[in-house]
Ligand code: GLY
């Protein structure tokens, strides 16, 4: 493993987010039927954007909501950014494919090297992509296939890419995420623990793990920011009391609990709602 691949892990300067269309309530894809309060979802999303922009000082690019794309707030699925390369994905759900257009334009505007997944046999959702700072794990799920993972490996040649079967939940990151350099946050369900075991077996690196009782709470956002240090955006005690207690024990992190009760009803987790990038020089 090349030294220094972890340097800068979690450093971000910009976030791309998108508004919530009213159509989210009735038309967004979902695995369970639940009534969504759009006004509440928008309040949650405003708090999320406030944390990124005001609390953490990131430059936030806000794309407008599009009523014809009910899932468009879940921008993470449309692009994978690492360094100055952005892979525009080919989302697994056909109804979501057009979401990539506005993302592509925004990332070009930010002067990233944009690579497109044009192979029509490939599918990949960013929610299936876990970047650890050393390597990528790609979940093979209902939304992401082997060809999608191969194209991601071509786009990010500096890093190893391993695939992990996702047998339950929507995406790989529906039950895991990074909580710090070398620290994987993982849910405690059997499928989540099994997936972690596979990731550990496939890696040369020994990751630490932080297990939380609720799979959905394992989706959090780690950053390492100047003047802030380690930052973790995570679930609230109202949503997942037992998992929140686990995060509250992290003494080295600036902790930012964020409510996600409405978006989770349509399978949206915290990472789903932004694409984070680190632009070294403003240009
Ligand atoms: N509602 C998020 C998705 O199913 O893609």
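For the stretch 50-74, the set of residues classified as within 11 Å of the ligand (Cβ to nearest atom) and either closer than 22 Å to residue 113 by Cα or modelled with pLDDT under 95 (or both) consists of 74 only.
The residues on offer are 197, 173, 265, and the sole one that is part of a helix (DSSP H, G or I), within 16 Å of the ligand (Cβ to nearest atom) and within 24 Å of residue 149 (Cα to Cα) is 173. Figure legend. Inter-residue proximity from the stretch 255-279: first residues over 15 Å from residue 60 (Cα atoms) and without any contact (Cβ under 8 Å) to a residue 40 or more places away in the chain, second residues in a loop (DSSP other than H, G, I, E, B) and within 16 Å of the ligand (Cβ to nearest atom), beta-carbon distance below 9 Å, spacing 6+ or different chains. No pairs are indicated. Residues in the stretch 143-159 that are crowded, with 24+ Cβ neighbours inside 10 Å, touching a residue at least 60 places away in the same chain (Cβ under 8 Å) and part of a loop (DSSP other than H, G, I, E, B): 143 only.
Here the stretch 22-49 is the region considered, the condition is being within 12 Å of the ligand (Cβ to nearest atom), assigned to a loop (DSSP other than H, G, I, E, B) and at pLDDT 95 or above, and the residue that is farthest from residue 279 (Cα to Cα) is 36. Of 188, 162, 174, all but one fail to be surrounded by fewer than 20 Cβ atoms within 10 Å (Cβ to Cβ) and under 28 Å from residue 123 (Cβ atoms); the exception is 162. Scanning the stretch 125-142 for residues that are touching a helix residue (DSSP H, G or I) at 6+ places or on another chain (Cβ under 8 Å), within 12 Å of residue 76 (Cβ to Cβ) and more than 16 Å from the ligand (Cβ to nearest atom) gives a single hit, 130. Here is the figure for the stretch 1-21: residues that are modelled with pLDDT of 95 or more and part of a loop (DSSP other than H, G, I, E, B) total 8. Restricted to the stretch 71-85, and to residues there that are closer than 17 Å to residue 140 by Cα and in a helix (DSSP H, G or I), the residue that is nearest to the chain's Cα centre (by Cα) is 76. For the stretch 7-43, taking the residues that are closer than 28 Å to residue 181 by Cβ and surrounded by 15 or more Cβ atoms within 10 Å (Cβ to Cβ), the one that is farthest from the chain's Cα centre (by Cα) is identified as 13. Restricting the stretch 160-170 to residues that are within 15 Å of the ligand (Cβ to nearest atom) and in contact (Cβ under 8 Å) with a residue 40 or more places away in the chain, the residue that is farthest from residue 215 (Cα to Cα) is 170.
Taking the stretch 197-220 as the range and being under 17 Å from the mean Cα position of the chain (by Cα) and within 23 Å of residue 124 (Cβ to Cβ) as the test, the residues that pass are 215, 216, 218, 219, 220.
The values are calculated or read from the model by the stated rules, or taken from the named source; none is laboratory data. In this text the structure is predicted, and so the values were computed from the model without any measurement. Using ideal geometry, Cβ is built from the backbone for each residue, glycine included, and neighbour counts are taken over all protein chains shown.
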